[in-house]
Amino acid sequence: MTRMLVLCAALLACLLAPLSAMAVEPDEVLDDPVLEQRARDLSQGLRCLVCRNESIDESNADLARDLRLLVRERLVAGDSNDEAIEFIVDRYGEYVLLKPTVTGANWLLWAAGPIMLLIAAGVGMLYLRGRSQAAPTPEEKLSDSEQARLKEILDD
Amino acid sequence: MSMITELGHFALILAFMVAVVQMIVPMVGAQKRWSGWMAVAEPAANAQFLLTAFSFAALTWAFVTSDFSLRLVVLNSHSAKPMLYKISGTWGNHEGSMLLWVLIVTLFGAMAAWFGGNLPPGLRARVLSVQSAIAVAFFAFILFTSNPFLRMAVPPFDGQDLNPLLQDPGLAFHPPFLYLGYVGLSMSFSFAVAALIEGRVDAAWGRWVRPWTLAAWVFLTIGIALGSWWAYYELGWGGFWFWDPVENASFMPWLLAAALLHSAIVVEKREALKSWTILLAILAFGFSLIGTFIVRSGLLTSVHAFANDPERGVFILIILAFFTGGALTLFAARAQEMEAKGVFGIVSRESALVVNNILLAVSCFVVFFGTMWPIVAEMFFDRKLSVGPPFFNAAFTPFMVLLGLALPIGSMLPWKRGRLGRTAWSLRYAFVLSVSLALLVWAMQTGQSTLGPAGLFLGAWVVSGAVMDLWSRTGRKGRLARLARLPRADWGKAVAHAGLGITIFAVAGLTAWEKEDIRVVQFNEPFEVGGYTLTLEMVERVPGPNYISTMGFVRLEDDGREIALLRPEKRDYPVARMPTTEAAIDYRLMRDVYVVIGDQQNNGGWTVRTYIKPFANWIWGGCILMALGGFISLSDRRFRVAAGARKAPQGGVPAE
């Protein structure tokens, strides 16, 4: 409950925070372009914890900036991408990951699409086979009034 | 002045009562075959619409005249706000937008009464009754939880202004289009439920339901495109799609509406896929309601802050449960009676449309699952996690790739029975062209990801497939003359498909070839980004109507020739106490140059972000083509006949 309250407060703070500072600032950018690109790629997969559904790469909240600097710090210190992410997840929990890991119940999330596609393809195939083997139903005769109406429409 | 608002409030209550009558009387009449009772539906639908329109006009009037005795106007308007945003402020808030929503429900009901001339009387009465039931639910929602006509005890001197982010032309018209789309699907829903009650679905039903679905889909397309375009130029980094819950809420009905308008073709032409089409119609509107629920309840945190009120959320959840639950129950009881008639081979247009439906429906399911997963994971697995763009990009994109690959072949397969080889062979030029283009670009871009060339292949394949589709219908002689005489539905189909291809290509191209530059810039010190030279000439403070702007003047040069003077802004809205960024964009056919100005640094320089966005315009260009294709198709003679427009005979029929 307290966690929830803290989160709400943080969210409110983010709403009211000025939007003037925009995302990655020039002073954050690393000199090594390869390292910087890695930092950008990682940032896009990390959530700004106090924002509504933004990555730290897009967000202008102070906390997002702190996280961006932290990512860069870890990369400069020689961490691999995975190590840097692990470091951050250890501190902030998996809530920070915009791309959920394939662990535990999450496999359901990742497998949902493929499984559903298989089921749908199976059902669709059964239906199509049924349709291709069904005996054609004889055309229903239209009633006289329907015939008249049809003629009226076609003559329109 | 204040009299008008009272009348508006009164009209709303009256409309609610009319809706209750229209919900009950025609339905009873249809069950008992009492034509007098059924006939109540039409005048009631008209009265309901006129009353709601008056009520909405009264609210708009309160906004236009800044009537600060209304609570809603105080909270969302300001006397210094430009007129356009005073008007759009009417629906730039929860209460007003719900009034617009219900206004559109009644508008569609009235349109069904106007154009439903040749519907069988029983079906028409039931459709109008179901449509009115939806209106009743939302009238009650507005009157009991979200009344826009509440008064202030002590009217303040001025208002608190509309959220500055919403003070934008793109966003002013985004909600009305979106609602036309959401609510348009209520028509398909009403037709589906009416058909279930009657226990009869035939080709005629397919023909009646399709224009409504098509119209809803077109409006959704426009609404989503406007929202995405707004995000592109307003949020300051040129993102156009964020997989935000609220975006997903509009995207899911779009996907299902696309599936529905394709499956309704099979019902219309071949009397097959009936129960599936009914199910889709129910689900598509169900997802519209889910979208409303997500936006209004604050269940999912989102960049689109709207009314986050649990009580309202529960009310909408009840509406959602009642309509989708009720319709699905009815479906379970009655679906068996819908016997399919058409017989067709495994390789046929019918099968291709089944593939289309599978891909669209499953991709919608993926979006839904991903959107809801954080809640499921927290409730059942005690894990607090996020599902963001990286997941959706990975899980959703494959379905669109499959759809794009299959589309040209599927759309050219003959009805009943086809041969895959023959259809594929007729597309050989399209295939060779697409592969060559992709290879050419792959060779030119050396060392970048394959996303760009792959997107180009897929886009070119879909577009050239659409062209071949049209061309193949012209026979051998006098092709151009025949092309002009093709039914508009054929043109609409080709244009809409080509639009999809263009959007697919543009999304891939923009993502793959975008360039970004972030730096601190001193005055009159040129810098280069992606072959262009930019110079910050000065920064000025400029007052606007209800904001103060910090405006940069950036000269954009290509090969030493000035091509644009860009004016990126930061705006401060003192009343709402909220700053916004206004990117300056040099729009060109092949790329946009997108410049954003940031803060002044200690050394006197300014932070400037520059993005080169290739093919950005093509994303929305493709959407416009999709919508245009829908409109062209809507104007086809079949629908005009189906809509009951009776014209005097126009002389003889020209010989073919």
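Yes or no: residue A:62 modelled with pLDDT under 90 and either in contact with a strand residue (DSSP E or B) (Cβ under 9 Å, 6 or more places away or on another chain) or not assigned by TED's automatic domain parsing to the domain that holds residue A:25 (or both)?
Values: modelled with pLDDT under 90: yes; either in contact with a strand residue (DSSP E or B) (Cβ under 9 Å, 6 or more places away or on another chain) or not assigned by TED's automatic domain parsing to the domain that holds residue A:25 (or both): no.
It is false that residue A:62 is modelled with pLDDT under 90 and either in contact with a strand residue (DSSP E or B) (Cβ under 9 Å, 6 or more places away or on another chain) or not assigned by TED's automatic domain parsing to the domain that holds residue A:25 (or both).
Pull up the range A:1-50, narrow it to residues that are under 23 Å from residue B:583 (Cα atoms) and among the hydroxyl-bearing types (Ser, Thr, Tyr), then point me to the one that is modelled with the lowest pLDDT.
Kept after step one, since they are under 23 Å from residue B:583 (Cα atoms), are these residues of the range A:1-50: A:14-29, A:40, A:43-44, A:48.
From the residues that got through so far, the ones that are among the hydroxyl-bearing types (Ser, Thr, Tyr) too are A:20, A:43.
Details: A:20: 40, A:43: 90.
Going through the qualifying residues, I end up with A:20.
Between a first residue in the range A:127-148 that is more than 15 Å from residue B:204 (Cα to Cα) and more than 10 Å from every other protein chain (Cβ to nearest Cβ) and a second residue that is surrounded by 11 or more Cβ atoms within 10 Å (Cβ to Cβ) and modelled with pLDDT under 75, which pairs have beta carbons less than 7 Å apart while being 6 or more apart in sequence or on different chains?
none
Give me a count of the residues in the range B:468-502 that are closer than 22 Å to residue B:221 by Cα and either touching a strand residue (DSSP E or B) at 6+ places or on another chain (Cβ under 6 Å) or not acidic (Asp, Glu) (or both).
Step one: list which residues in the range B:468-502 are closer than 22 Å to residue B:221 by Cα, which gives B:488-502.
Pick out the ones that are also either touching a strand residue (DSSP E or B) at 6+ places or on another chain (Cβ under 6 Å) or not acidic (Asp, Glu) (or both) and you get B:488-489, B:491-502.
Looking only at that region, the number is 14.
In the set B:550, B:511, which member is out of contact with any helix residue (DSSP H, G or I) (no Cβ under 9 Å at 6 or more places or on another chain), within 14 Å of chain A (Cβ to nearest Cβ) and either under 30 Å from residue B:611 (Cα atoms) or not β-branched (Val, Ile, Thr) (or both)?
Working: B:511 fails: out of contact with any helix residue (DSSP H, G or I) (no Cβ under 9 Å at 6 or more places or on another chain).
None of the others qualify; the one that does is B:550.
Can you tell me which residue within the range B:504-527, out of those that are part of a strand (DSSP E or B) and of a type in the set (Asp, Glu), is nearest to residue A:27 (Cα to Cα)?
Here the answer is B:517.
Looking at the range B:560-578 only, could you name the residues that are touching a residue at least 60 places away in the same chain (Cβ under 8 Å) and facing chain A (nearest Cβ under 9 Å)?
Going residue by residue through the range B:560-578, those that are touching a residue at least 60 places away in the same chain (Cβ under 8 Å) are B:571, B:573, B:575-576, B:578.
Of everything in the range B:560-578, just one residue is touching a residue at least 60 places away in the same chain (Cβ under 8 Å) and facing chain A (nearest Cβ under 9 Å), namely B:578.
Could you grab me the full set of residues in the range B:25-55 that are surrounded by fewer than 16 Cβ atoms within 10 Å (Cβ to Cβ) and not polar (S, T, N, Q)?
Listed by number, the residues that qualify are B:28, B:32, B:33, B:34, B:36, B:43, B:50.
State all residues of the range B:347-386 that are more than 7 Å from chain A (Cβ to nearest Cβ) and among the polar types (S, T, N, Q); if no residue qualifies, say none.
Correct list: B:348, B:356, B:357, B:363, B:371.
Failed condition for residue B:403, given (1) more than 8 Å from every other protein chain (Cβ to nearest Cβ); (2) more than 21 Å from the chain's Cα centre (by Cα); (3) not polar (S, T, N, Q), with all others met?
Every listed condition holds for residue B:403 apart from (2).
Criterion first (among the aliphatic types (A, V, I, L, M), under 17 Å from residue B:26 (Cα atoms) and either touching an Asp or Glu at 6+ places or on another chain (Cβ under 7 Å) or surrounded by 18 or more Cβ atoms within 10 Å (Cβ to Cβ) (or both)) does residue B:134 satisfy it?
Yes, satisfied.
From the list B:589, B:556, B:566, B:536, which one is on the phi < 0 side of the Ramachandran plot, surrounded by fewer than 14 Cβ atoms within 10 Å (Cβ to Cβ) and of a type in the set (A, V, I, L, M)? Explain how you work it out, then say what you get.
Numbers: B:556 fails: surrounded by fewer than 14 Cβ atoms within 10 Å (Cβ to Cβ); B:566 fails: surrounded by fewer than 14 Cβ atoms within 10 Å (Cβ to Cβ); B:536 fails: surrounded by fewer than 14 Cβ atoms within 10 Å (Cβ to Cβ).
After applying the criteria, what remains is B:589.
So which helices (runs of 4 or more DSSP H) are wholly in the range B:51-128 and hold at least 2 residues that are of a type in the set (Phe, Trp, Tyr)? Before the answer, list the steps.
Details: elements: B:71-76, B:83-88, B:94-115.
Passing ranges, in order: B:94-115.
Results for (1) more than 20 Å from the chain's Cα centre (by Cα); (2) under 21 Å from residue B:288 (Cβ atoms); (3) surrounded by fewer than 24 Cβ atoms within 10 Å (Cβ to Cβ), shown as yes or no for each residue.
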{"site": "B:243", "(1), (2), (3)": "no, yes, yes"}
{"site": "B:260", "(1), (2), (3)": "no, yes, no"}
{"site": "B:264", "(1), (2), (3)": "no, yes, no"}
{"site": "B:277", "(1), (2), (3)": "yes, yes, no"}
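Would you tally the residues in the range B:511-535 being of a type in the set (A, V, I, L, M) and touching an Asp or Glu at 6+ places or on another chain (Cβ under 9 Å)? Explain how you work it out, then say what you get.
So in the range B:511-535, the residues of a type in the set (A, V, I, L, M) come out as B:512, B:518, B:520-521, B:529, B:534.
After this cut, where a residue has to be touching an Asp or Glu at 6+ places or on another chain (Cβ under 9 Å) as well, the list is B:518, B:520, B:529, B:534.
Qualifying residue count, the range B:511-535: 4.
Taking the residues in the range B:325-347 that are in contact with a Leu (Cβ under 7 Å, 6 or more places away or on another chain) and part of a helix (DSSP H, G or I) as candidates, determine which candidate is surrounded by the most Cβ atoms within 10 Å (Cβ to Cβ).
Top of the filtered list is B:331.
Inspect all residues belonging to the range A:33-56 and state whether any of them is aliphatic (A, V, I, L, M), more than 15 Å from the chain's Cα centre (by Cα) and facing chain B (nearest Cβ under 9 Å).
no
If I ask for residues that are within 18 Å of residue B:464 (Cβ to Cβ) and within 31 Å of the chain's Cα centre (by Cα), which ones from the range B:406-428 would you list?
Passing the criteria: B:406, B:407, B:408, B:409, B:410, B:411, B:412, B:413.
Kindly establish whether residue B:521 is crowded, with 19+ Cβ neighbours inside 10 Å and in the same structural domain as residue B:554 (by TED's automatic domain parsing).
Judged against the criteria, residue B:521 is a match.
If I go through the range B:325-341 residue by residue, how many of them are within 14 Å of chain A (Cβ to nearest Cβ) and under 13 Å from residue B:277 (Cβ atoms)? Walk me through it before giving the result.
Step one: list which residues in the range B:325-341 are within 14 Å of chain A (Cβ to nearest Cβ), which gives B:335, B:338-341.
If we keep only those that are under 13 Å from residue B:277 (Cβ atoms) too, we end up with B:335, B:338, B:340.
Going through the range B:325-341 one residue at a time, the tally reaches 3.
Please specify each residue of the range A:92-109 satisfying the condition of being buried (at least 16 other Cβ atoms within 10 Å of the Cβ) and more than 7 Å from chain B (Cβ to nearest Cβ).
A:92, A:96, A:106
The values are calculated or read from the model by the stated rules, or taken from the named source; none is laboratory data. Keep in mind that what you see is a predicted model, and the values were worked out from it rather than measured. Counting neighbours? That spans all protein chains shown, and the Cβs are built from the backbone with ideal geometry, glycine included.
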